[in-house]
Amino acid sequence: MVRIEPELAFILARDLPARTAPYAPAEIDEAVGAVHLALELIGSRYEKPEEVPFAEHLADRLLNDGLYIGPRIDAGAAREAASMPIAVSAAGSEQRFDAAHPDGNPLLPLYWLANFLRECGRGLRAGEAVITGSYVPSFEVPAEQDVSVSFGSLGVLNVRFGG
């Protein structure tokens, strides 16, 4: 089994370097060159991650085991995607979720990140993909089988994970 979280990935088309002045949301919006459907791959080195303290999860990349970037979608529609139905088909069964972004706006975490890094003397670079939060809690899908994740009217991501 593979544990996943459905998200949106914002791909930067230009740098957002460190600077003294805060970035306005419109400047960050202009730096986004594309938006893609994405799956965060969730994994842990620990046999019983539920028993591990937060500091160890932080050292373990907060359970992030990778990122699968799927098809490009309409950026305007993605920016408005506060909630949507998500359907996952695999192994002859389907799961349905009434999904909502945890911040209500999928761009808010990107705005925060760009300005947090700026305050730390760092920036974001063109080509980087930024995910901003899962629309539903993580769940498992089978490996070695076709998996289809429908993100409402935004599009469908089809994938097959190796064993």
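The values are calculated or read from the model by the stated rules, or taken from the named source; none is laboratory data. What you are looking at is a predicted structure, and each value in this text was computed from that prediction instead of being measured. Note that we place each Cβ from the backbone using ideal geometry, even for glycine, and neighbour counts take in every protein chain shown. We work out accessible area using only protein heavy atoms, side chains counted, and drop any ligands, DNA or RNA first. Shrake-Rupley method; radii C 1.70, N 1.55, O 1.52, S 1.80 Å.
Computed about the Cα centre, the dipole magnitude for the chain is approximately 420 debye when only Lys and Arg (+1) and Asp and Glu (-1) carry charge, each at its Cβ. When peptides 12-20, 102-110, 66-74 are sorted by average Cβ neighbour count within 10 Å, with the highest value leading, the order is 102-110, 66-74, 12-20. For region 142-163, the residues whose amide N sits under 17 Å from a probe point set 7 Å from the Cα of Arg79 along the beta carbon direction are 154. With a cut-off of 17 Å on the backbone N, the residues of region 114-143 near the modelled label site 7 Å out from Glu30 along Cα-Cβ are 114-115, 124-126.
Largest accessible area first, the listed residues Glu50, Glu140 line up as Glu50, Glu140 when surface is computed with a 1.4 Å probe on the assembled protein chains. Computed from Cα atoms, the angle from the helix 108-119 axis to the main principal axis of the chain rounds to 50 degrees.
Can you give the local net charge around Glu94? Use residues other than it whose beta-carbon is closer than 15 angstrom to its beta-carbon, Lys and Arg +1, Asp and Glu -1. Before the final figure, lay out the partial values.
Values: positive: Arg96; negative: Asp98, Glu140, Asp146.
Around Glu94, the surrounding residues sum to -2.
Sequence-distant contacts, meaning Cα pairs under 8 Å at least 6 residues apart, place the relative contact order of the chain at 34 percent. Taking Ala26, Ala143, Ala75 as the candidate residues, the one with maximal mean-square fluctuation in a Gaussian network model of the chain, Cα springs under 10 Å, is Ala26.
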